[in-house]
Amino acid sequence: MKVTWQLLLPGIPITSTRGALGWCSVTLVRMEGKIILVDTGSYGDRKLLLTRLREVQIHPDEVDDVFLTHFHFDHVLNFDLFKNAVFHLSEKEIHYVTSGKCQEVGDPYVPVVIYRLLEPQIKPFSGEVAILPGLRSLPLPGHTPGMTGLLLEKDRVLIAGDGIKNAREFLNRQAPPTFAGDEDALRSYCRAAEEALIIVPGHDNPFRLPIHGEVEYLNHFELKLTFSKNPSAEPQIIQLLPDSPGDPQAGSSRG
């Protein structure tokens, strides 16, 4: 069965002194008879996400399945757009959200109230299983206990969520912010490298795994920020281009 994928929203590796901006990847996967999304983005992504869906001629009601890599706000808050979808979420992540463990470890990014609203549509899974033909869950714990990527088996494309947040951290074997342990997160990097040829990270552009110590980005994000310093001045525009993934100054988005 042919399986294809494309980015609807690219992940952006950026953070701020104000807090987590949470611009994560949202990926569309198509296969015969099925339309699947991996993660849904946050409220700030809502208008652009709807625009991207229109561009690929998909109505939100036509989405059959949504695979949630984990339950942080920036990956789940547009859940209500997809009223007919089955939401796949790992049992470990469900326990993390519902048991109070997320509060115990000081994870501020889990919208527990959203879980309660979404629960009727959730289909739990455990470990490494076939979600749909050709699509396999791949546990990548560390960032959260139930963090799980979705592997497109034939082409070895891993939609990794925040199991791999960006190329710089992956290349330098630097763990992302973790609520389940840095050691688990680094082991997840190794597991991902065993399974995948292409990584779609949670907060960066897709990249091909390094052959000679460098990753190959498959595309490059461009981001324009506009803000006003004072009422009498013209708005200031800042345009950001990606750093080299090996640049230690490159930014990392949290959340």
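The values are calculated or read from the model by the stated rules, or taken from the named source; none is laboratory data. Values in this document were obtained by computation on a predicted structure and should not be read as measured data. Backbone-built Cβ (ideal geometry, glycine too); neighbour counts: all protein chains shown.
Just one of (1) part of a helix (DSSP H, G or I); (2) at pLDDT 95 or above fails for Gly44. It is (2).
Of all residues in the stretch 1-30, those that are closer than 18 Å to Ala85 by Cα and surrounded by fewer than 19 Cβ atoms within 10 Å (Cβ to Cβ) total 1. Every residue in the stretch 33-73 that is more than 16 Å from Leu118 (Cβ to Cβ) and in contact with an Asp or Glu (Cβ under 7 Å, 6 or more places away or on another chain), please. If the condition is that a residue be more than 16 Å from Leu118 (Cβ to Cβ) and in contact with an Asp or Glu (Cβ under 7 Å, 6 or more places away or on another chain), then Lys34, Ile35, Ile36 are the ones that fit. For the stretch 143-161, the set of residues classified as under 24 Å from Asp107 (Cβ atoms) and under 14 Å from the mean Cα position of the chain (by Cα) consists of His143, Thr144, Gly146, Met147, Thr148, Gly149, Leu150, Leu158, Ile159, Ala160, Gly161, listed by residue number. Of all residues in the stretch 54-78, those satisfying the criterion of being without any contact (Cβ under 8 Å) to a residue 60 or more places away in the chain, in contact with a strand residue (DSSP E or B) (Cβ under 7 Å, 6 or more places away or on another chain) and either within 20 Å of Ile131 (Cβ to Cβ) or in a helix (DSSP H, G or I) (or both) are Ile58, Glu62, Val63, Asp64, Val66, Leu68.
A Cβ distance below 9 Å, combined with a sequence gap of six or more or placement on separate chains, defines the contacts here; from the stretch 156-171, residues that are within 9 Å of Val200 (Cα to Cα) reach residues that are among the hydroxyl-bearing types (Ser, Thr, Tyr) and in a helix (DSSP H, G or I) in the pairs Ala160/Ser188; Ile164/Ser188; Ile164/Tyr189. Annotation: of all residues in the stretch 136-179 being surrounded by fewer than 24 Cβ atoms within 10 Å (Cβ to Cβ) and among the hydroxyl-bearing types (Ser, Thr, Tyr), the one that is nearest to Ile94 (Cα to Cα) is Ser137.
Considering only residues in the stretch 32-53 that are in contact (Cβ under 8 Å) with a residue 40 or more places away in the chain and of a type outside the set (A, V, I, L, M, F, W, C), the one that is nearest to Leu225 (Cα to Cα) turns out to be Arg52.
If you check Val76, Val86 for being of a type outside the set (Lys, Arg) and closer than 15 Å to Ile114 by Cβ, only one passes: Val76.
The residue of the stretch 176-212 that is nearest to the chain's Cα centre (by Cα), among those that are under 19 Å from Asp74 (Cα atoms) and among the small types (Gly, Ala, Ser), is Gly202.
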